[in-house]
Amino acid sequence: MSTAENSILGLKMATDPRWTELASISLEEVLTDHAFCEQKAATQCISLIQRYAHLDALVEALAPIVTEEWGHFRMVLAEMKKRGYTLGNQRRDDYVNLLLQHEPKNLPGNEKLLHKLMICALIEARSCERFRLLSEGLEEEALRKFYYKFMVSEAGHYRLFIDLAGEYFTEAQVRTAWQYWLTTEEQILQQLPPRGDRMH
């Protein structure tokens with residue numbers, strides 16, 4: 001992804017160029033990790049709905065995303081089955097775990113929601129960037145098309161979480177929180193080596 005396209009997503013740091021090549025030679029591992037990422041995305045939306053069931057706009061926005069993310073999980077499973085791969089065990093996601101460690105503590109409930117929405121938006125933005133790299137860098141045309149669809153979808157989800165935050169918080173609050181997470185993610189990525197067997 002170019003600098004301009006990274007700017008549109010807001011990301012401060014582009015993925016290491018070596019990642020796409022590493023991913024292309026660890027395809028089974030990448031697909032497995034991708035499947036679990038989609039599963040966790042659906043679960044996270046369900047968790048937000050359960051925790052903030054009194055927020056009508058949130059429930060209405062995230063309910064269809066649950067269905068969509070679970071549909072993505074099934075799509076990746078189908079792709080794996082077609083290739084003779086099995087799902088195997090869930091992989092540890094160091095990227096997400098490190099993000100969660102930086103979630104501000106002792107915040108009132110409404111501010112906790114702001115940061116949870118920002119984390120979701122950030123993960124979707126980074127996933128969009130990675131899917132873009134796969135859609136352009138993989139040799140197999142069918143897989144490039146496969147990941148292009150996911151790229152488009154994740155871009156929409158990134159915007160949805162940002163816009164949803166705007167339903168409950170001021171523009172200044174959203175901007176400040178988003179910049180905090182962009183800077184935090186940049187620092188985390190500098191700590192993590194490029195791993196071709198993980199989506200993040």
### Query
Would you pick out the residues in region 154-177 that are part of a helix (DSSP H, G or I) and over 19 Å from Ala41 (Cα atoms)?
Gly166, Glu167, Tyr168, Glu171, Ala172, Gln173, Val174, Arg175, Thr176, Ala177
### Task
Return the residue satisfying two criteria in turn: it lies in region 32-67 and is of a type in the set (Asp, Glu) and out of contact with any helix residue (DSSP H, G or I) (no Cβ under 7 Å at 6 or more places or on another chain), and of such residues it is farthest from Val96 (Cα to Cα).
Asp56
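Conditions tested, residue by residue: (1) of a type in the set (S, T, N, Q); (2) modelled with pLDDT under 95; (3) farther than 17 Å from Cys37 by Cβ; (4) surrounded by fewer than 15 Cβ atoms within 10 Å (Cβ to Cβ).
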| position | (1), (2), (3), (4) |
| --- | --- |
| Asn110 | yes, yes, yes, yes |
| Leu114 | no, no, yes, no |
| Met118 | no, no, yes, no |
| Phe146 | no, no, no, no |
| Val152 | no, yes, no, yes |
| Ala165 | no, no, yes, no |
| Phe169 | no, no, yes, no |
### Query
Looking at Ala78, is it closer than 26 Å to Glu140 by Cβ, part of a helix (DSSP H, G or I), among the hydrophobic types (A, V, I, L, M, F, W, C) and without any contact (Cβ under 8 Å) to a residue 24 or more places away in the chain?
yes
#### Entry: Within region 128-187, considering residues that are among the hydroxyl-bearing types (Ser, Thr, Tyr) and free of Cβ contacts under 8 Å to residues at least 60 places away in the same chain, the one nearest to Glu79 (Cα to Cα)
Tyr147
### Query
Taking into account only those residues within region 106-157 that are of a type in the set (S, T, N, Q) and under 14 Å from the mean Cα position of the chain (by Cα), which is nearest to Gln179 (Cα to Cα)?
Ser127
### Message
So Gln50 ticks every box in (1) on the phi < 0 side of the Ramachandran plot; (2) in a loop (DSSP other than H, G, I, E, B); (3) more than 17 Å from the chain's Cα centre (by Cα) but one. Which box is left unticked?
### Response
(2)
### Task
Please determine, by comparing only the residues of region 86-108 that are in a loop (DSSP other than H, G, I, E, B) and polar (S, T, N, Q), which one is surrounded by the most Cβ atoms within 10 Å (Cβ to Cβ).
Gln90
### Message
Looking at the structure I just gave you, is Glu124 surrounded by 15 or more Cβ atoms within 10 Å (Cβ to Cβ), of a type in the set (Asp, Glu) and closer than 27 Å to Glu60 by Cα?
### Response
yes
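The values are calculated or read from the model by the stated rules, or taken from the named source; none is laboratory data. Note that this is a predicted model, so its numbers are computed, not measured. Here Cβ is always computed from backbone atoms with ideal geometry, including for glycine, and neighbour counts include all displayed protein chains.
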